[in-house]
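A short write-up of the structure that comes next.
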Amino acid sequence: MYKLRDISVIIPTYNRSEDLKKTLESLKLHLEDLREIIVVDQSTDKKTLKLARKLKSKKIKYVYSKIPSITIARNLGVNKTDKKTKIICFIDDDVSLAKNYFAEILRAFNSYKEANGVAAYVPSPQLSQISKVEKWLMKIFFLSFPDENRARIISAYGNTYPHKLSEIINSQWLSGVNMVYKKSVFSEQKFDENLLGYTIAEDIDFSYRLSLRDKNSLFITPFASLMHRVSNIERYPTEKMSFINQIDHFYFN
């Protein structure tokens, strides 16, 4: 049976010290019971370092990476985890976890022995606003669209995600907003460090490769709650994001 002390939390961050502060606030309740929290800082300023020092907690480890890359930051965080860590939880620096988050994540791991990865369901307001015509066109061109209780990969350019969820489901991919893996997974594969800087769908790439290797090993639970605050700091403008989106998905293809 996995317990809270088996979990190391990894939070990559980039020039978002105020957002990170709110995220760490949501982890205070579990701080003493978790194995550790590793902040992987890629910032161009010293604000995150000052925040980590100010917190003065042995459970919060600060790691600096001079190369701005979410994939490098995640792999570095994995390498820095305690030897006793059995489960690694990745969350974004603009996420607040509810009190029940870890209990429900652990319940999923302990209920499904085949589980290599679990994530909380993150509702998307955009999915509920898609019309029937838009959904039909997305299906035709193998683009992302809302699905019924399924999270699938349909092409290098598209995936599906539930617009509502009321039960734990198998998934072919997990969202990087929050994703929790058994540490043993990383002896077989890493995040693709060819994807540098701000990337699109590196989380999907990692989890889908894992699901191909070990079928039915990924799960999404609607019972673990969180809030994705969606910080606008260091997000690229729409035009640049569209360019990166095309480049990254062409690479996946």
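Summary of values
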{"quantity": "Qualifying residue in the range 105-119 (condition: touching a Leu at 6+ places or on another chain (Cβ under 7 Å), of a type in the set (Val, Ile, Thr) and under 23 Å from residue 169 (Cβ atoms))", "calculated": "no"}
{"quantity": "Residue among 49, 24, 20 that alone is aliphatic (A, V, I, L, M) and open to solvent by 20 Å² or more (accessible area, probe 1.4 Å)", "calculated": "49"}
{"quantity": "The range 55-77, residues that are modelled with pLDDT of 95 or more, surrounded by fewer than 22 Cβ atoms within 10 Å (Cβ to Cβ) and under 23 Å from residue 28 (Cα atoms)", "calculated": "59, 60, 61, 62, 63, 64"}
{"quantity": "Residue within the range 179-191 that is modelled with pLDDT of 95 or more, within 22 Å of residue 94 (Cβ to Cβ) and part of a loop (DSSP other than H, G, I, E, B) present", "calculated": "yes"}
{"quantity": "Residue list for the range 150-177, filter: over 15 Å from residue 200 (Cα atoms), part of a loop (DSSP other than H, G, I, E, B) and out of contact with any Ser or Thr (no Cβ under 8 Å at 6 or more places or on another chain)", "calculated": "164, 165, 166, 167"}
{"quantity": "Condition check for residue 251: touching a residue at least 12 places away in the same chain (Cβ under 8 Å), out of contact with any Phe, Trp or Tyr (no Cβ under 8 Å at 6 or more places or on another chain) and surrounded by 12 or more Cβ atoms within 10 Å (Cβ to Cβ)", "calculated": "yes"}
{"quantity": "Test: residue 223 is surrounded by 19 or more Cβ atoms within 10 Å (Cβ to Cβ), under 17 Å from the mean Cα position of the chain (by Cα), modelled with pLDDT of 95 or more and of a type in the set (Phe, Trp, Tyr)", "calculated": "no"}
{"quantity": "Number of positions in the range 147-176 that are touching a strand residue (DSSP E or B) at 6+ places or on another chain (Cβ under 8 Å), open to solvent by 40 Å² or more (accessible area, probe 1.4 Å) and within 14 Å of residue 122 (Cβ to Cβ)", "calculated": "1"}
{"quantity": "Hits in the range 10-60 (condition: touching a Gly at 6+ places or on another chain (Cβ under 9 Å) and closer than 24 Å to residue 104 by Cα)", "calculated": "10, 11, 12, 38, 39"}
{"quantity": "Boolean, residue 113 is outside any helix (DSSP H, G or I), open to solvent by 80 Å² or more (accessible area, probe 1.4 Å) and either of a type outside the set (Asp, Glu) or touching a Gly at 6+ places or on another chain (Cβ under 6 Å) (or both)", "calculated": "yes"}
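The values are calculated or read from the model by the stated rules, or taken from the named source; none is laboratory data. The model shown is predicted, which means the values in this text are computed figures rather than measured ones. No Cβ is skipped: glycine too gets one built from the backbone with ideal geometry, and neighbour counts run over all protein chains shown. For the accessible areas, the whole protein counts, side chains as well, though only heavy atoms, and no ligand, DNA or RNA atoms are used. Shrake-Rupley method; radii C 1.70, N 1.55, O 1.52, S 1.80 Å.
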